[in-house]
1. Among the trypsin sites (Lys or Arg not before Pro) in the range 1-94, which ones are in a DSSP loop with at most 12 other Cβ atoms within 10 Å of the Cβ? Mind listing them?
2. Just to be sure I understand: of the beta bridges DSSP finds with both ends in the range 8-95, what percent are antiparallel, rounded to 5?
3. For the chain, calculate the relative contact order in percent as a whole number, restricting contacts to Cα pairs under 8 Å that are 6 or more residues apart.
4. With the other protein chains left in place, how much accessible area per residue, in square angstrom, belongs to the chain at a 1.4 angstrom probe?
5. Suppose we look only past 22 Å in the calculated P(r) of the chain. What percent of the Cα-Cα pairs does that tail hold?
6. At a 1.4 Å probe radius, carbon and sulfur cover how many percent of the accessible area of the chain?
7. Spin-label point model (7 Å from Cα, Cβ direction): what's the E72 to A2 distance in nm?
8. Under the 0.36 nm per residue contour assumption, what length would be gained going from the current alpha-carbon distance of M32 and R80 to full extension?
Amino acid sequence: RALEIGCEVVLMAKAVDGVYTADPKKDASATMFDHITHREVLERGLEVADTTAFSLCMDNNMPIVVFNLLTEGNIARAVRGERIGTLVSTPASTV
């Protein structure tokens, strides 16, 4: 839907701070990414969201900010464009 209405970014509010190497509730050694590409999320099999949605965002260069919904003020921070959570994006093509 974000692509249809011309959004610049998808804000994905979750119960964790961002995208991790593994489920942080199950794996205490999981580390959070500040930035990761759509392709890396898909290749690593990270269960952030539906793989079809991630592929669609990747194909259309739609960035996704994954952040913690339960942290007070985070929605406002995300809307203001502050750096919170994890930015998922696809690098610009150099070709």
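1. Details: sites: R1, K14, K25, K26, R39, R44, R77, R80, R83; in loops: R1, K25, K26, R83.
Here the sparse-neighbourhood loop sites are R1, K25, K26, R83.
2. Working: 4 of 12 bridges.
Approximately 35 percent, going by the DSSP bridge assignments.
3. About 37 percent, as a whole number.
4. On the way: 6240 Å² over 95 residues.
Result: 66 Å² of accessible area for each residue.
5. Details: 1165 of 4465 pairs.
Percentage above 22 Å: 26.
6. Values: 3220 of 6240 Å².
Carbon plus sulfur share of accessible area: 52 percent.
7. According to this spin-label approximation, the distance is 2.7 nm.
8. Numbers: separation 48, 0.36 × 48 = 17.28 nm, distance 2.18 nm.
Stretched fully, the M32-R80 segment lengthens by 15.1 nm.
The values are calculated or read from the model by the stated rules, or taken from the named source; none is laboratory data. Worth saying up front: this structure is predicted, and the values here are computed from it rather than measured. Every residue, glycine among them, receives a Cβ derived from its backbone with ideal geometry; neighbour counts consider all protein chains shown. Ligands, DNA and RNA are excluded from the accessible area calculation, which covers all protein heavy atoms including side chains. Shrake-Rupley method; radii C 1.70, N 1.55, O 1.52, S 1.80 Å.
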